[in-house]
Structure formats: C-alpha cells, structure tokens
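So the structure is just underneath, and the comments pick up after that.
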Amino acid sequence: MSLINELESLVGELEQNLARAVSLAELEELKTAFLGRKGRLAALMGKLKDLDAGARPAFGQKANEIKQLLTAFVEARLQDFKRKREKESLLTFDPTLPGRLPWQGSAHPVTLVMDEICGIFERLGYDTVSGPEVETDFHNFEALNFPPDHPARDMQDTLYVSDGIVLRTHTSPMQVRAMLARKKPPVAVIAPGKVYRRDSDLTHTPMFHQIEGLLVDKNISLADLRGTLTYMARSLFGQSVRVRFRPSFFPFTEPSAEVDISCIMCGGKGYIRSKSGREACRVCKTTGWLEILGSGMVDPNVFKAVGFDPECTGFAFGLGVERVAMLKYGIGDLRMFFDNDLKFLQQFA
Ligand code: DAH
C-alpha cells in the first residue's frame, strides 16, 4: 500500500473507532493514538524523508488534508459527548435540594411599631389615615387652639417653609383634617406619620414619627380615653403593665393628661436586683414610670374651628413612635433608627 493510501485509510479507521467509543476517556485515547505526537499520523509523516524529493510536496499536502479531517472528526465526536453529558447532568439535577434563599429585607422597627399600633386601633374600628407633612399654620396651630403667641410656634421649634406654611411639628393637624373631611361625628381615626422640629441632640432628631388618635362621638368621656389607652398599652407591652394618667396641658385638649406605663425594665420598682444588692434602674431613673404619650378630651375650641358642634365629645392622643420602639425593643440610642446599619436592622427580620 502506498503511503498516500495508508494516510487515506486512517480516516476510515478512525471513523470506525470513533463510532464504537462509549466514553469521553476513550475519545481522548483515540485522539492521542491518531493525532498525538507519537500517533499514527505522526508515524506516517515521519516517512516523508524516505520519499523522493519530487513526491514529497504532494504527500505533505495530503498529510495536512488528512490531519484536518481527522481533527474535525474527533472534535465533532467530542462535542457530541459533551452535549450528551450536559443533558444528563440536567436530568440528574435534584429539585428537592434546598434553594439558595434570596436576600430579604425587613420592616424598620419604627414601621413595625406603627403597624402594630395602627392594627390595635383598626381592630377597635378606627380608620388609619394620612396627610401632608407640609402643613398650613391653620391646621398645625390655629385650629388646634394655639394662641398666636404660643411658644410652640417659635422659630426654635418650628421649621417654616414660607409664611404660614410649616413642616408639621406634630400629627395633631390630622385631627383637624379628619374632622373637616368627615364633616360630622362619629370620627374614629388613627394617623401615623413623620413630624419635624428644629431640634437635634442625643435624644432629639429633626424628624421623628408620631401616631395621632382621635375619637369623636356622643357621650365620649375620660373613662373611654382611659380604657382605650390602657387597652393599647397592655396590647403593646403586656397585660401586666400598669398605666397612670397625670394631669398635663395641651392647647387642644381640656382636661389633658400624660400617660405613663410601669417601667418595663424594673417592673415599676425603680431598682433592679443585682449581685451587689440593688441597682438604680437606668430606664425609668428610679421613678418606676415611663411616659409614653399625651392625651386629653378634645377642647370645644377645636370643634368650633372645624365647624363641629362645640357640645360634641371626644378624646385625642399623640404618641412618639421612636420612644415606644426604644422601650419595646430595648434600644438605648435614638440614632440607631436613622443610621441604617444593616446589622441593627436585620435583627427585626
Ligand atoms: N401633639 C402633641 C405633641 O406633639 C401630643 C399630643 C398631646 C397629641 C395630647 C394629642 C393630645 O392628641 O391629645 O407633643
């Protein structure tokens, strides 16, 4: 057989072998046996030097053609095998393996407390409402019976947007808006939201959150206020919490009361038992009580300002959300709420 014929017979031989190969390893072996440095093709090409000088170019050309053919055959088979293997690995994919969990966000503690308190009142039949953070002097002060020279209007507390327009300093303007919208009793609303004051230190931030509550109906009394707020405090802090009403003053309520709960840290004792005997409670500063909100019976002047019969009865209250969240979750530093530290926030997931 001539060398050229020997070269050509390599093609058929390789084809037969390739068709029989059943594994990737076998394919790799065939590749080496035919195309490797010490393989069949290389051996034939080694015989080039034995040929006449005139026959060498034709042989060289043929050898290259054959090499390309062999390579193409082997590569095509290799691809077949790889594709087959991929398909098999898809078939052996185990759908019962636990998946990788997507990264999950969580509600901010301020949001959690607002949702919880709104939920308590929604179950009592109150509607949750919201309103603008940029307010008129009328809604923020005037209709709430703040005299024109009241210190709360002072530039030191209020952030003015323009003449007669303020960033609301509390959520109480929502009382005014709710009554104007409903036009007549009954009104039962709860209004969470942001409020703003010109104040910034360790325990005050220029923006914080409040929740306003308002109930107006026939024969609403201080007993209803007391019962409702006690119910809220116990829902939030546990049934054993005691609630105390202290006389206070707000322009828009008469009478007014500040509401304290028994200290959740020391249980109202003012002291905590420790190794060295007893230690002053840092949370209530030994008083045993924690103030959580302001409240009172709606002042007739507020009813007048919104066109309600001044003989109406109702109660209102306003609560600082960050303060309640600090007590509820034992957060010692107000700034935690605004730092957006994920290690802090993820604890509420
Ligand atoms: N608006 C008051 C404040 O920001 C809180 C408040 C007190 C709201 C008594 C009320 C209330 O509705 O009756 O300090």
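The values are calculated or read from the model by the stated rules, or taken from the named source; none is laboratory data. Predicted model, so just to flag it, every value in this text is computed and none were measured. Every residue, glycine among them, receives a Cβ derived from its backbone with ideal geometry; neighbour counts consider all protein chains shown. Protein only, heavy atoms only, side chains kept; ligands, DNA and RNA dropped before computing areas. Shrake-Rupley method; radii C 1.70, N 1.55, O 1.52, S 1.80 Å.
By the beta carbon rule, with partners counted only under 4.7 Å, the chain holds these lone Cys residues: C118, C312.
For the stretch 141-186 versus the stretch 55-123, the inter-centroid distance based on Cα atoms is 60 Å. Working note: 222 nm ellipticity from helices only, DSSP H runs with n ≥ 4, each -39,500 (n - 2.57), summed and divided by the residues of the chain, gives -12500 deg cm²/dmol to the nearest 500. Overall form of the stretch 54-109: oblate. Here a/c, set by the Cα gyration tensor axes a ≥ b ≥ c, is 1.5 or more, and a/b is not larger than b/c. From most to least packed by mean Cβ count within 10 Å, the peptides 162-175, 121-134 give 162-175, 121-134. Other residues with beta-carbon under 11 Å from the beta-carbon of G318 carry, at +1 per Lys or Arg and -1 per Asp or Glu, a net charge of -2. The mean accessible area for residues of the chain, using a 1.4 Å probe and ignoring ligands and nucleic acids, is 58 Å² per residue.
As a ratio to 2.2 N^0.38 Å, the alpha-carbon radius of gyration computed for the stretch 109-348 takes the value 1.04.
Each Lys or Arg adds one and each Asp or Glu takes one away; over the other residues whose Cβ falls under 9 Å from the Cβ of G193, this sums to 0.
Ignoring lysines fewer than eight residues from K285 along the same chain, the ones with Cα atoms less than 25 angstrom from its Cα are K269, K275, K328. Electrostatic bookkeeping for S295 treats Lys and Arg as +1 and Asp and Glu as -1; over the other residues with beta carbon under 13 Å from its beta carbon, the sum is -4. Of all the options L41, L319, L334, the one that moves most in a Gaussian network model of the chain with Cα springs shorter than 10 angstrom is L41.
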